[in-house]
Amino acid sequence: MLGWMKRESVPTHSRAAVAKATRPQGRVMSGPYLVLFEYLEKRYANRVVLTFAQIEDLLGSALPAQAHVDRAWWTDAEVDVGQPRCSDSWLLAHRSAAPNLLARTVVFARGS
């Protein structure tokens, strides 16, 4: 009756191990945007909405002026191998960014 308790359990993979395995080869998050990356990666919700002020609080500094007026600053999907960019924080966390410049918010949606 309790045979299922005596069976050896199948090892499960932690969420961190799965995320690490799916991260692009050779890409790691570092620099001033690491905190935003960690915040987004640890959220279980498929959509995370943050105000510009909340993002700046996480970063500990102001967003560039371009982020407040240029939607392309948020939606540029190119990953630059050089210096860490703010977009690396959500791209490497497997999320896209959809800004609402008038409301000063950004929706970070998990990729499918």
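The values are calculated or read from the model by the stated rules, or taken from the named source; none is laboratory data. All values derive from a computational prediction rather than experimental measurement. Neighbour counts run over all protein chains shown; Cβ positions are idealised from the backbone, glycine included.
Some points to look at:
- Evaluation of MET29 against (1) touching a Ser or Thr at 6+ places or on another chain (Cβ under 7 Å); (2) modelled with pLDDT of 90 or more; (3) under 13 Å from ASP88 (Cα atoms) (one fails), failing number: (2)
- From the list PHE52, PHE37, the one residue that fits, being of a type outside the set (A, V, I, L, M) and at pLDDT 95 or above, is PHE52.
- Residues satisfying the stated conditions in region 75-112, i.e. modelled with pLDDT of 85 or more and over 16 Å from LEU36 (Cα atoms): ASN100, LEU101, LEU102, ALA103, ARG104
- Selection status of ALA45, outside any helix (DSSP H, G or I), surrounded by 17 or more Cβ atoms within 10 Å (Cβ to Cβ) and modelled with pLDDT of 50 or more: no
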